[in-house]
1. If a residue has to be farther than 13 Å from A:Leu76 by Cα and β-branched (Val, Ile, Thr) to count, how many in the range A:1-50 make the cut?
2. Among the residues of the range B:1-47, which ones are out of contact with any strand residue (DSSP E or B) (no Cβ under 6 Å at 6 or more places or on another chain), within 14 Å of another protein chain (Cβ to nearest Cβ) and within 21 Å of A:Tyr35 (Cα to Cα)?
3. Condition first: more than 23 Å from B:Leu32 (Cα to Cα) and in a strand (DSSP E or B). Now tell me which residues in the range A:74-101 satisfy that.
4. Taking the range A:17-54, which residues are more than 13 Å from A:Pro95 (Cα to Cα), over 14 Å from the mean Cα position of the chain (by Cα) and within 13 Å of another protein chain (Cβ to nearest Cβ)?
5. What's the total number of residues in the range A:61-114 that are within 12 Å of chain B (Cβ to nearest Cβ) and of a type in the set (Val, Ile, Thr)?
6. Which residue out of B:Leu32, B:Leu46, B:Leu65, B:Leu74 is buried (at least 18 other Cβ atoms within 10 Å of the Cβ), part of a strand (DSSP E or B) and touching a helix residue (DSSP H, G or I) at 6+ places or on another chain (Cβ under 9 Å)?
7. Quick one: how many residues across the range A:94-114 are of a type in the set (Ser, Thr, Tyr), buried (at least 21 other Cβ atoms within 10 Å of the Cβ) and modelled with pLDDT of 95 or more?
8. Do the conditions hold for A:Thr13, that is, is it surrounded by fewer than 17 Cβ atoms within 10 Å (Cβ to Cβ), more than 8 Å from chain B (Cβ to nearest Cβ), polar (S, T, N, Q) and in contact with a His (Cβ under 8 Å, 6 or more places away or on another chain)?
Amino acid sequence: DSGVTQTPKHLITATGQRVTLRCSPRSGDLSVYWYQQSLDQGLQFLIQYYNGEERAKGNILERFSAQQFPDLHSELNLSSLELGDSALYFCASSPGQGSRTEAFFGQGTRLTVV
Amino acid sequence: SQQGEEDPQALSIQEGENATMNCSYKTSINNLQWYRQNSGRGLVHLILIRSNEREKHSGRLRVTLDTSKKSSSLLITASRAADTASYFCATDGKDSSYKLIFGSGTRLLVRP
């Protein structure tokens, strides 16, 4: 158990809908990362927050947004969903910034868009 | 785009043999990390090597880093069936240590 909790574990929704994925980082970790993993794209970095502030952005679509709350949990909002958004979405946390410390991954949310 | 690219994409070996995976990256880095992923599950951190280090060991794992060639290798010695997983390298960029970018991974199959 990494200590990172992601909910829900599975999500099935229709095209055009909006969903929210939630992540609770390990106690004391200030950084939260979001990744998308699909079969053909590998593990894609979406966005990173550090202590409530956005620090780095990857290839995150405009239809996607995220935030980190004062209690350090984070949410990833996906809207106007398309079939191609079906993927595993991982959240990771670390005590420090970027590659200076190891990241701890949650078990992921499997999103299926039908 | 990926910062790191692993090679080979897939590797199949017999239990007891050594497995070597390589990672190449594009820009200067502060550190490089290796992670393991069992099918469909979260990634697990294996080892972190800093840009001023050349080699690091952890149990049956040996990681090397050659910053002049922008490459790293992960060696798993005396492999076991339980080592079957995907292995990823992850890097940042010296311009932004906040990003942790993963390569495309090597799928390792260890046959009993």
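1. Result for the range A:1-50: 5.
2. Hits for the range B:1-47 are B:Ser1, B:Gln2, B:Gln9, B:Ser39, B:Gly40, B:Arg41.
3. The initial filter retains those residues of the range A:74-101 that are more than 23 Å from B:Leu32 (Cα to Cα), namely A:74-88.
Those that are more than 23 Å from B:Leu32 (Cα to Cα) and in a strand (DSSP E or B): A:Ser74, A:Glu75, A:Leu76, A:Asn77, A:Leu78, A:Ala87, A:Leu88.
4. A:Leu39, A:Asp40, A:Gln41, A:Gly42, A:Glu53
5. Filtering the range A:61-114 for residues within 12 Å of chain B (Cβ to nearest Cβ) gives A:87-94, A:96-110.
If we keep only those that are of a type in the set (Val, Ile, Thr) too, we end up with A:101, A:109.
Summing the residues that are within 12 Å of chain B (Cβ to nearest Cβ) and of a type in the set (Val, Ile, Thr) in the range A:61-114 gives 2.
6. Values: B:Leu46 fails: touching a helix residue (DSSP H, G or I) at 6+ places or on another chain (Cβ under 9 Å); B:Leu65 fails: touching a helix residue (DSSP H, G or I) at 6+ places or on another chain (Cβ under 9 Å); B:Leu74 fails: touching a helix residue (DSSP H, G or I) at 6+ places or on another chain (Cβ under 9 Å).
The conditions single out B:Leu32.
7. Kept after step one, since they are of a type in the set (Ser, Thr, Tyr), are these residues of the range A:94-114: A:94, A:99, A:101, A:109, A:112.
Then keep just the ones that are buried (at least 21 other Cβ atoms within 10 Å of the Cβ); that gives A:94, A:99, A:109.
Imposing the further condition that a residue be modelled with pLDDT of 95 or more reduces the set to A:109.
So the answer is 1.
8. Values: surrounded by fewer than 17 Cβ atoms within 10 Å (Cβ to Cβ): yes; more than 8 Å from chain B (Cβ to nearest Cβ): yes; polar (S, T, N, Q): yes; in contact with a His (Cβ under 8 Å, 6 or more places away or on another chain): no.
No, not satisfied.
The values are calculated or read from the model by the stated rules, or taken from the named source; none is laboratory data. What you see is a predicted model, and the numbers here were worked out from it, not measured in a lab. Positions of Cβ are backbone-derived with ideal geometry, glycine not excepted, and every protein chain shown enters the neighbour counts.
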